[in-house]
Structures are given as C-alpha cells and as structure tokens.
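What follows is calculated from the coordinates using simple rules that are stated; it is not laboratory data. Predicted model, so just to flag it, every value in this text is computed and none were measured. Neighbour counts are summed over all protein chains in view; Cβ atoms, including those assigned to glycine, are modelled from backbone coordinates with ideal geometry.
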Amino acid sequence: MKKLYLILIAVAGILAFSSCDDFLDVKPTNQLEFDESIKTAADAEVFMTGVMSRLTNGNYYGRNMILYGDAKGGDLTIYSQGRGYDYLYSFNHTPSSGSGSGFWTTGYNIILQLNNLLNNIEKMEADPANTEDFGDMKGRAYTLRALLYFDLVRLYGLPYTLYSPSSSLGVPNVLEVLDASAQPDRVTVSENYSQILADLAKGAETITKKVSTSTNGYPTYWLNRAIAARVYLTMGDYANALAAAEEVIGSGKYELYTNDEWVESWSKQFASESIFELHMLVKESNLGNSSLGAMYSRIKHYSSRVGGYFGASDYWLERMAEDPDDIRWGVMSYDENSESYDDEFEGQGDRLACCYKYFGGVDMQGDGKDDEAACNVKVVRLSEMYLIAAEAALAEGDAAAAAEYLNAIRKRSPNLEPATAETITVEMILNEKSKEFFSEGLRYWDRLRHGEEIEFNDEIMGIDCPHRDKIIDTKTYHKVVLPISIDHINSSPNLKNQQNPGY
C-alpha cells in the first residue's frame, strides 16, 4: 500500500505540472475534469488508495471517531482536565469551541474525493469506446460514501430511534462534485439514511466478494454488508440487521479468535476477525504521541510527552470483574491511580484501566512495524456481527438463536454461565459488547439508540464537568449531537438557521 501512496503523489504531481503554462491556474487534482484524470481501472485504484489514506486522518478513524464513541459512553473517565481531548468526555461543545468541526471538514473532503471518482467512472462507463472494468472501484466508492454519511449523520443528526427522523435535520446529502461557492442545505435524518441504504445497495452490486492479501485495508462486499448491519440496527430495523449480520457470519470469510488467540490478535495485522482494518503507516498515518494507543495508555508510558488521557471507568471495571479470568484483561494494564504506579499520585488499588490494544498489547510490541504507535485500526470485526445478530434475533423473538450468537463471544469470560433462551436479555448483550469492544468506539452509539441514561465516573480524580451533569438523559440532552461549527456557518450562512437545537 505504501508503494501505491507514492504512486498517487507522483500522479498528482504529473497532473499538476504538465500541459499548463501557469501552475497557479491548475485545478486541484480532486476536481479535475473527466478527460484529465481517471481513464483506467488502474487510475481509479490509485485514486482509491489516496482515499484510504484520508480515512486514517486523526479527525476520523485515525483517532477521533473512535475516541468520540468511547469518551461519551460511560466506559471511560479522565484523570485530569486540560491534558487534551477532555472536551469530548465533558461535552464541552459550542459552535465556536470544541465543535468537532474536523469531523465535518474531513468527512466532506473524503466525500468530495469519492464523488469525483464516481463521476469519472460514470462518464467512462458511458463511453462506447471504454473497455475498462470499474466495477470494484465503483462498489468501494459507494460503500465508503455510505460509511461517511452514516458517521456524519450520527454525529450531527439526532438519534434515529429517539426522535422523528423525518423532521429532524441530518447533514447535507452531497452526491456530486459541487462548485466551490455551493451552499447545500441539511436534509432530514430520514433522507440521509435513505441515501446511505441506496449507496450500500449500489455498492453491493459490483464490489468484490474476494478476501485475500490484495484486499487487506480496502472495502469488500463483506464490509458493505457489515455496515448495513450497523445501519439497520441503528434504525431499529432488526430483521434487516439480522439478515445482514448473518450473511457476513455465514460467509465463512472470517473466523472468530479463539480465547488463546484474542490477546495476540492485537499484535497482528489483518487477523482472522478483521472485516475492515485500516493500514497505519509509520511515516504517513502514524500519529505517535497523539495516536489511539497514546489516548488509552498510561501517562508517560509510550513517551514522556504522553499525557495519560483516558482510562476505564469504575463501571466498566465492575462489569469486567464478574470474571477475573476474562481473557480481555490481557490487554489492560494499571493506571496512574494504582498502587503499582510510582509517581506523585496516591495509589488507590491496582486499577487495570489502561488499554493497550493500539500498542499491540501490554508489552507494547506493536503489530510488526518500526513504531508501536502505528498499529492498524480494526474498524469492523466479526465479533460485532455476532452481537448485532444476538440483539436483532432477540428483538425478532428468537431467543435461542440470540443466546447462541451471544455465547460465541461470551465464552471469552470462561467462568460465566452461558446465556440461554430463558436468561438472555438486551442488557446482557450490550454488556458483552461493552467488554469486547472497549476502546473501539461503539459504546456511545449503543446507549444512544436505546435512549439510556449515561453516568460518568467523574469522581475518580475529582473531575468537575460544568458543561454536563454526572448523569445525562440521552432522550432530552441536546448535546448528544455536535453543533454546526461557526466556521461552517460563516462559509455557508444558510446553515445558521439549521443549527442543532440547544446550540
């Protein structure tokens, strides 16, 4: 993939400096006309590789998208205010400060790239002289655009199952390469979800079902279906969520980690559960002291400049304490609030609250690269499909199937009794998901769609959060979504009258 990134840079340079007398007049490479850019499937693949690099941006899956879903869900706490990123935990959001505008900017930048790719492919396919097969690249582009819009509408649009999706506002549906002066309006949450499903359907028609080393780090048909499972679950459409999740599970393309493999899997690239894993490169996408590994590790462990940002809350630790032999303890280490920590902090017990998934494990061995902070980000894993299937099957009235899906993951706590059709509950499934996906950015979204109250563990280090209460009601609290940044309103004034309620 690194070679392809270099090719992308070279192609951009050639396009920018050839056939033009004044390089200042050259259009950006992401806005080239049809006859100037993508002409072959190979061109499209190079372009797609550039898009994949953008997904690893710190404002997206390189860090903030994962962190957002953890910091707000109650499974994390902070040790001190002011170290960095605590505005997520404290819900300190206004249109002018802590707005999370990077999500919007980065998201629409990637959508621009995808729209340009799709536009060029459409024109090439309409050309009678075309002999190129663009099917896979087209499928990937539609699948990724669906993922982008799914994330954006969850960040800025009120939860689908808690508010009227046909009347609450989501984000602008931009499906073409727009002029720089364009000012698209926000559309409804319902319209966003309709577009997401339409993109997934189009993507599924042509994207490859092949899973091999050549597809590592790229979308496949199975990612398309996994995203569909997430989307339908978020919409409360359990029948379709179950069907999509079962399709992925039944494909045989991926395998659950055994208990012996689970801890070691974090030190491996593209292991057997990875449906979608982003390739983090040491010199291109590695965030070092600002990486996901740094966010969840102990203060000053990776380097003297790492601030000790986030750790597990007492609530998550109590959930894990149900089984001291749970294999997932294997990626956890003590925090600065522990007796084992020899520093200025007064020890209060060995709190295994620091997570080392993104350093390859507690020994910080990384995943085979020169820098342990450059571990790949496992965006979608097979385990999630089992837990989506469990929740959806239970909602559809098949408790026996739900218990079977849940137990496939629950066995990672070997001392817990297996679930049965008589004992399984939604809470049991969500608790298991909390344990399995700690630090993977899923917890907040589950709690939002169920309209749960979220309690925050502020008292660990005496944190004062004036911007929210200790317990928030996700059904009424306006900050469950982000504000539209004042910068975006200034550049597109019509958004001023479309600001999210309460901001």
Quiz prompt | Dimensionless Rg/Rh of the range 270-408 - Kirkwood Rh, Rg from C-alpha atoms | solution = 1.04
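Relative contact order (percent) for the range 386-503, with alpha-carbon contacts under 8 angstrom and 6 or more residues of separation? Intermediate values should be presented prior to the final figure.
Details: 104 pairs, mean separation 17.7, N = 118.
It comes to 15 percent, rounded to a whole number.
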Quiz item: In degrees between 0 and 90, to the nearest 10, how far off the longest principal axis of the chain does helix 399-410 point, with axes built from Cα atoms?
Solution: 80
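For Ser491 and His450, what does the FRET efficiency come to when R0 = 30 Å and r is the distance between their Cβ atoms, rounded to the nearest 0.05? Please list the in-between numbers first.
Details: r = 36 Å, r/R0 = 1.19.
The formula returns an efficiency of 0.25 here.
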Quiz item: How much of the calculated P(r) for the range 382-503 lies past 18 Å, in percent of all Cα pairs?
Solution: 64
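Students often get this wrong, so check it: of Lys378/Lys479; Lys72/Lys496; Lys435/Lys470; Lys138/Lys411; Lys435/Lys479, which have C-alpha atoms separated by over 32 Å?
Values: Lys378/Lys479 28 Å; Lys72/Lys496 26 Å; Lys435/Lys470 22 Å; Lys138/Lys411 39 Å; Lys435/Lys479 25 Å.
Pairs exceeding 32 Å: Lys138/Lys411.
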Quiz prompt | Packing-based exposure ordering (other Cβ within 10 Å, fewest first) of Tyr221, Tyr315 | solution = Tyr315, Tyr221
Quiz item: Between the DSSP loop rule and a limit of at most 15 other Cβ atoms within 10 Å, which trypsin sites (Lys or Arg not before Pro) in the range 318-397 are left?
Solution: none
Self-check item: Debye log10 I(q)/I(0) for the range 122-167, one point scatterer per Cα, at q = 0.13, 0.15, 0.26, 0.33 Å⁻¹
Solution: -0.50, -0.58, -0.92, -1.10
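List the longest stretch of the chain that has no exposed loop site; here a site is one of the GluC sites (Glu not before Pro) assigned by DSSP to anything other than H, G, I, E or B, with at most 15 other Cβ within 10 Å. Write out the running numbers ahead of the final one.
Details: sites that count: Glu33, Glu176, Glu255, Glu284, Glu322, Glu339, Glu344, Glu346, Glu396, Glu422.
The longest uninterrupted stretch comes out as 34-175.
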Practice problem: Just report the Cα centroid separation between the range 207-234 and the range 436-450, whole Å. | Solution: 20
Quiz item: Once a ≥ b ≥ c are taken as the square roots of the eigenvalues of the Cα gyration tensor of the range 201-272, is the result rounded (a/c under 1.5), prolate (a/b larger than b/c) or oblate (a/b not larger than b/c)?
Solution: oblate
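Computed over the Cα atoms of the chain, what is the convex hull's projected area averaged over all directions, in nm²?
Working: hull surface 95.5 nm².
Approximately 23.9 nm², given one-decimal rounding.
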Practice problem: Based on other C-beta atoms within 10 Å, arrange Lys479, Lys496 from fewest to most. | Solution: Lys496, Lys479
Practice problem: Would you mind checking the tilt of helix 382-395 against the longest principal axis of the Cα atoms of the chain, expressed as 0 to 90 degrees and rounded to 10? | Solution: 70
Quiz prompt | Label-point separation, Ala182 to Phe270 (7 Å along Cα→Cβ), nm | solution = 3.4
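What order do you get for Arg145, Arg140, Arg298 when you list them from fewest to most C-beta neighbours inside 10 Å? Kindly include the intermediate steps, with their values, before the conclusion.
Values: Arg145 25, Arg140 28, Arg298 22.
Going from sparsest to densest Cβ surroundings: Arg298, Arg145, Arg140.
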Quiz item: If you take the charge dipole of the chain about its Cα centre, with +1 on Lys and Arg Cβ and -1 on Asp and Glu Cβ, which of Gly441, Leu169, Asn92 is farthest toward its positive end?
Solution: Leu169
